Amino acid sequence: MPFLVLIALLGLLIATATYLKRCGTLRTMLKMSAKLACSAHHISGFSPRRIHRDLRNYSPLFRLVTIHQDSNGTSATLANLVTVRACYNPVLEDGFPGQHKNAGSPTLHGVDLAPAKNTLPHRHRKLTSHPLQALLKDQMTRDNALGLDTRALVVIRGKDVLGEAYGAGIVADTRLLGWSMTKSLLAMLYGRMEALGLAESTASDLFPEWSADDRSEIQLQNLLQMCDGLAFDESYRPGSDATKMLFGELSPSRYALQRALLNKPGTHFSYSSGSTNLLARWIHRRLGGTEPTLTFWQREFLRPLGLTNTVMEVDDDGVFVGSSYGYATARDWARLGSVFLSGGSISAMGRSATLLERDWIARATKPNNSKNDPRYGYQLWLNYGGEMAPPYPRLPADSFFMLGNREQKLMVAPSHNAVIARLGWSASPYPIEERFSEILDTLVQ
């Protein structure tokens with residue numbers, strides 16, 4: 001009898017394991033656990049306790065997942081039956097074969113630039129002496145009393161960092177996941193290509209896979225404005241396009257490439273991470289593959305801007321996951337916003353150089369021409385858009401935003417010559433209008 005019971009239990013375990021392997025929801029949870037835990041450990045340097053807490057912020061079900069870290073990656077296991085692994089690729093941080101990230105000095109439009117740490121000299125005042133500093137610390141305290149888990153606040157006016165505050169366990173050099181703020185970062189990388197004559201926003205026939213159907217009419221600017229007309233379900237639920245794209249079997253950009261056309265390109269806005277990953281795939285192809293793209297990323301974008309703590313992960317095809325997986329310090333995120341304040345120019349060794357053309361910035365921050373919602377530019381949310389109500393009426397009408405999951409918020413306010421960045425991990429809405437209005441009021445005092 002005991003032998004029969006043992007056989008039955010063994011059969012039950014095998015059946016359970018088979019079910020779990022086939023269950024899309026649980027496998028998605030494991031893939032999400034492994035991927036986020038891997039990056040949080042290897043890129044952000046988070047503790048196991050914070051990593052588990054961040055996962056549970058999405059669902060209590062993540063309590064069932066066991067995480068194991070090693071030097072090569074991360075394993076996520078459910079009930080000792082099913083394991084999913086995510087691999088860590090240090091090439092994103094340490095350069096790549098034949099190109100050390102600190103080798104040589106880049107040249108930007110004929111201007112020789114100093115090493116990255118000197119290229120964008122944001123001046124740091126004695127932060128404790130500015131009234132803004134006390135406000136940011138107070139906001140941090142209030143946010144975390146509400147359970148919002150605000151991790152970093154940085155305010156820049158012009159080229160000056162006027163104030164910054166950090167939550168428990170977070171320091172100025174901690175690289176924080178921007179989620180969909182990464183979309184804006186990728187758009188700026190594309191803008192750099194336009195400045196060098198490597199791209200044209202009206203270009204179409206973007207992929208050979210689309211050449212035989214109406215998707216060949218989609219232009220780069222349609223992808224930038226998410227008005228490409230492609231079918232894509234952005235809801236983050238089991239089985240949605242967004243979930244299958246980020247945690248499925250295909251690489252994100254390859255998955256997005258298969259979407260069908262629903263609307264005439266340029267006529268309908270639909271927020272889609274797939275659009276961004278298609279743009280990333282086009283950039284990858286245009287620059288000649290993974291290594292040339294990483295070379296361009298380092299020499300023509302990161303180092304001229306002085307972004308020494310910024311990482312954008314790649315998918316299995318070696319393409320940037322531009323929709324979601326950008327990691328940077330709060331200062332680096334804010335520094336991206338300051339490029340818009342300067343009209344796309346940067347300073348080095350007392351000389352100015354153009355990183356992004358003023359015309360590109362004007363187009364990037366202009367409402368799209370869709371019939372349903374023009375309040376989106378080139379991977380930027382706009383606080384204005386014709387007759388439609390602004391998303392944040394208490395904030396400046398000329399402001400625009402980089403926004404991401406878990407309430408990542410970055411505002412560029414040209415009328416105030418200011419950038420405000422908030423990084424955190426919030427399941428509930430962040431009171432952006434109240435908090436950012438307080439900051440702007442302090443700036444004008």
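The values are calculated or read from the model by the stated rules, or taken from the named source; none is laboratory data. None of the values given here were measured: they were computed from a predicted structure. Note that we place each Cβ from the backbone using ideal geometry, even for glycine, and neighbour counts take in every protein chain shown. For the accessible areas, the whole protein counts, side chains as well, though only heavy atoms, and no ligand, DNA or RNA atoms are used. Shrake-Rupley method; radii C 1.70, N 1.55, O 1.52, S 1.80 Å.
At-a-glance table
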{"read-out": "Rounded tilt (10° steps) of 2-22 against the dominant C-alpha axis of the chain", "value": "30 degrees"}
{"read-out": "Per residue accessible area in Å² of region 48-88, where ligands, DNA and RNA are left out and the probe is 1.4 Å", "value": "59 Å²"}
{"read-out": "Selection from HIS284, VAL321, VAL444, by position along the positive dipole direction of the chain (Cβ)", "value": "VAL444"}
{"read-out": "In sequence order, calculated HN-Hα J values of region 420-431 (Karplus, 6.51, -1.76, 1.60; Hz; x Gly/Pro)", "value": "10, 10, 10, 10, x, 8, 10, 7, 9, x, 8, x"}
{"read-out": "Surface share of carbon and sulfur [accessible, 1.4 angstrom probe, percent] for region 35-89", "value": "52 percent"}
{"read-out": "Amide hydrogen neighbours beyond the local backbone of GLY163, cut-off 5 Å, H modeled", "value": "VAL155"}
{"read-out": "Integer Hz, Karplus 6.51/-1.76/1.60 couplings in order for region 183-198, x for Gly and Pro", "value": "4, 5, 4, 5, 4, 5, 4, 4, x, 5, 5, 4, 4, 9, x, 9"}
{"read-out": "Unit charges on C-beta of K, R, D, E only; dipole of the chain, Debye", "value": "980 debye"}
{"read-out": "Region 125-178 - accessible surface per residue (Å², probe 1.4 Å)", "value": "42 Å²"}
{"read-out": "Answer label, with volume of the Cα convex hull per residue in Å³ calculated from the coordinates and candidates [x] 146; [y] 158; [z] 124", "value": "[y]"}
{"read-out": "Amide H contacts under 5 Å for ASN57, placed H, 5+ residues apart", "value": "none"}
{"read-out": "Principal axis dimensions, region 287-445 - Cα atoms, whole angstrom, descending", "value": "44, 41, 33"}
{"read-out": "Acute angle (nearest 10 degrees) that the helix 330-341 long axis makes with the longest principal axis of the chain, alpha-carbon atoms", "value": "40 degrees"}
{"read-out": "Å² per residue, accessible surface of region 235-384 at 1.4 Å", "value": "35 Å²"}
{"read-out": "Sequence ranges 50-60, 375-385, 322-332, ranked by mean other-Cβ count within 10 angstrom, highest first", "value": "322-332, 375-385, 50-60"}
{"read-out": "Whole-Hz couplings from phi, Karplus 6.51/-1.76/1.60, listed for region 301-312; x for Gly and Pro", "value": "10, 4, 6, x, 7, x, 8, 8, 10, 10, 10, 10"}
{"read-out": "Where only alpha carbons of region 135-219 are counted, the Rg and the Dmax (Å)", "value": "20.4, 58"}
{"read-out": "Accessible-area composition of region 134-223, carbon plus sulfur, in percent [1.4 Å probe]", "value": "49 percent"}
{"read-out": "Segments 176-186, 196-206 sorted - mean Cβ within 10 Å per residue, highest first", "value": "176-186, 196-206"}
{"read-out": "With every protein chain in place, region 288-436: carbon and sulfur % of accessible area (1.4 Å)", "value": "48 percent"}
{"read-out": "Highest average packing first - 353-364, 401-412, Cβ atoms within 10 Å", "value": "401-412, 353-364"}
